[in-house]
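Read-outs: derived from the displayed coordinates by stated rules, not from any lab. The shown structure was predicted, so the numbers you read here are calculated from the model rather than taken from an experiment. Positions of Cβ are backbone-derived with ideal geometry, glycine not excepted, and every protein chain shown enters the neighbour counts.
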Amino acid sequence: MESKLSGSATNLVDQLVYPGDVVLDLSSMTNQTIKLGGGLRQDSDVISVMKAGRLRFSKPNKYWVESSQKRYVPHAEDSVLGIVVDSRSDNFLVDIKGPAIAFLPVLAFEGGTRRNIPKFEVGALLYVRVVKANPGMNPELSCTDASGKAGEFGALKEGYMFECSTGLSRMLLSSPTCPVLDTLGKKLSFEIAVGLNGRVWVNASSPSTTIIVANALINSEPLSGVQQKIMAEKLLQRVQ
Amino acid sequence: MEQRLANCWRLTVNEKKFIESALLSDVRVDGRGPLDYRKLNIKFGKNDGSAEVQLGETRVMSYVSAQLVQPYRDRPNEGTLSIFTEFSPMADPSFEPGRPGESAVELGRIIDRGLRESRAIDTESLCILSAKLVWAIRVDIHILDNAGNLVDAANIAALASLLTFRRPECSLGGEDGQQVVVHPPEVREPLPLIIHHLPVAVTFGYFSNENLVVLDPTYHEEAVMTGRMTATLNANGDVCAIQKPGGQEISHRVIMHCLRLAHVKAGDMTAKIKDAVEKHNTERALQKIKRHSSSVAVDVCGTTASLGGKQNQSDGDKEGSRLDQLKLKDETKSMECDATSSAQVQSNKKDGSSKNFVGGPSSWDPYSDCVNSDLLKASLASRGHSTPSKKKDSRRETKPEEPQNEVKIDSAPMDTALTSGQSNEGKTLKDAVKPKHKRKKKKGSSNNAN
């Protein structure tokens, strides 16, 4: 434990940490504001880890612990895939794989007024943004980005959706593009929508292409970058 | 109310449309063809009669146990078989603990019907004392993970566990032959059940177009499909049971086509199950614990060295007991693994060969001659065929013979048993039940010899 103590915690960033590890010693840092994300906690003078995972740091001063699980905990500004469960007079009830059903106000669309409320049937798949996510309350969603434009939010037609862990979603959304998407994209044409809540939607012109892409993505979770490339290439060879 | 809505799996419109349209081009979402089964993996537990089956992501565990009970009034000579299912909530969020739901009851019924109505398990051999005591076999099926097609996986698990289950051996004792002694497994090798054939369940899923048929549907396909049918057949092509719980109507042409498909799949499945059981049995035989026999230098000529305390026998191998099917004049406690050739076993079995039993050398070393695994394998393999027939004859054997045998047994030349490569446990009800005409003679002759 002692060895883990460090003034700047640079040696722990991107490493696996476990609950109880101390990542920052505040007594050695003065006049700095540090933002703590999920999985970290301040205990008087030290910052310690609450959740097992990888410690991440983003400039200038954000630290958080990232881990992959099947459950999703809603956070604001996440883009997720939701399934419409019910519609009420003032909002749609949308399931985003969190502990509570989320509300999507009927007016939260670009140019949305009482006159042109969209009609979603039960089971419709939507790409939405989480606006508010306070613990204990139902999260609030929106089909527009922060400035009010629709962007890519809205209903997703056709295609196939599968569920995965939050770690895989983050990997698919990372930049630079993850190797499996790169390799697949070179030979096949498809579109995907990745929700941070562990849902991925794939669409391609033929069902078999969709199935190939979906299976390749599901299988790529435990693989490293190079392994992903090899796996994807083998799959493509087998098919063509 | 909204809270409850948050925790279940939901089907999207996209998925429903996609699964059906993909089937029109003969592909399934996991890349299988419409008539392919998922990968099947059968594992056995440490106890006899416990098996875990993994069919793709679906996991089912089955456990068989037996108890002595009074038989039903109208079937005084038969044991009973009952199937219990437990749909654990960890398998699927929609399973609730407590009373079995409709699908749990249906699954239990399908498996039960497949086994009972086709008389796959020989219940008459489970009778110890007519109208008084029979074995009640209980199969408990636990669903560990639901990823679709629970019926097939549970059926395979039930069959695998029944094939590896061993029940304690019993013998009749007392003056009137009415007292039943149940021998613990340390004392006498437990016996397997008599299973005539393996009824395998094959489940079909139908979609809105009746020509779209899939085998072994996954969880998502089950949510999308409009009709279902489970056909239970054995490798011979006998239809043991068919279950079609409502849903889409299907023409008889499609049903016949499905039954033919099921026949092929049942053959495959039976071969896989038998392979797995065989491998398990061989491993088990190899791990047998040696049993020490308390009587070392026993004269075959029937020195009645009362081995009274079978308890003296240290834990024998429960495994090696496959051979107990072979007629044993006496119970040999030390089942070691290497033994005589299977040919010998076969012949032994056939003529109930006690003729191989010859007065053994008094300086018999329990560890030199052993039963070998080939023997076990052969006996296991052939037992299925020969024993049932033998059983039939042996029923006519006199039970009263048992008590005498009891006495004799102990002295029994274990060595002879060994040399003949026969395995242990001579005298028990089983013997009385088995066709031991020859045995009787042999006993007579050896007695005379003594």
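The GNM of chain A, with springs linking C-alpha atoms under 10 angstrom apart, assigns the highest mean-square fluctuation among A:Ser174, A:Ser58, A:Ser67 to A:Ser58.
Which GluC sites (Glu not before Pro) does the range B:168-217 hold that lie in a coil by DSSP with at most 11 other beta carbons within 10 Å?
Answer in residue order: B:Glu175.
Residue by residue along A:197-207, Cβ atoms of other protein chains within 10 Å of the local Cβ number 2 on average. Dipole of the range A:79-155 computed with +1 at Lys/Arg Cβ and -1 at Asp/Glu Cβ about the Cα centre; of A:Leu104, A:Gly148, A:Leu81, farthest Cα towards the positive end is A:Gly148. Spin-label pair A:Ser224-A:Lys59: with each label point 7 Å from Cα along the Cα-Cβ axis, the two points sit 2.8 nm from one another. Pairs of C-alpha atoms in chain A farther apart than 25 Å represent 52 percent of all such pairs. With Cα atoms as the point set, the radius of gyration and Dmax of the range A:79-155 evaluate to 11.3, 33 Å. Once the mean of 1/r is taken over each pair of separate Cα atoms and inverted, the range A:160-239 shows a Kirkwood hydrodynamic radius of 12.4 Å. Partner shielding of B:14-25 amounts to 5, given as the average count of beta-carbon atoms from other chains within 10 Å of each residue beta-carbon.
Antiparallel beta bridges, as assigned by DSSP with both residues in chain A, represent about 95 percent of the total such bridges.
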